[in-house]
1. Identify, please: which residue in the stretch 85-102 is closer than 20 Å to Tyr8 by Cα, of a type outside the set (Gly, Ala, Ser) and assigned to a helix (DSSP H, G or I) and is, among those, modelled with the highest pLDDT?
2. Do we find that Gly106 is out of contact with any Gly (no Cβ under 8 Å at 6 or more places or on another chain) and at pLDDT 75 or above in this structure?
3. List pairs: first in the stretch 63-83 and loosely packed, with under 11 Cβ neighbours inside 10 Å, second small (Gly, Ala, Ser), Cβ under 8 Å, 6+ apart or cross-chain?
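The values are calculated or read from the model by the stated rules, or taken from the named source; none is laboratory data. Because the structure is predicted, anything quoted here is derived from the model rather than measured. Cβ: placed from backbone, ideal geometry, glycine included. Neighbour counts: every protein chain shown.
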Amino acid sequence: MKFTLNIYEKKKIVKTYEAESYDLMFGTLEDFLKIVDEKMFAENVTNIDFAKFGLSMIKQCIGEVKPLLLDVFDGLTEDELRRTKTSELISVVYSIAKYSFAEINGIASKNV
């Protein structure tokens, strides 16, 4: 899965970071599990559900989001992270979580 994060100056994209995949660390997974409801990853998630997830994630997990994104996107700086759109951050973190849980589920299924 490809993750993309844009860096802005005013309203113009000045840089784009990309990552092909990401291995979620256990500590990060533990933090996500505290706030993520598995219903968020169902196929029928509405925009309202997604917005609630984003707000919950930001409020409860902001301390983990920054290091996560800095880890996912090689070379990303804290200053650049401050110049990203919140909507894109939420989307990227949601995609990383969804990807990671799918990977975990795949591993668990193989071991059963």
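1. Top of the filtered list is Glu88.
2. Spelling it out, it is not the case that Gly106 is out of contact with any Gly (no Cβ under 8 Å at 6 or more places or on another chain) and at pLDDT 75 or above.
3. Between residues of the stretch 63-83 that are loosely packed, with under 11 Cβ neighbours inside 10 Å and residues that are small (Gly, Ala, Ser), the close pairs are Asp74/Ala19.
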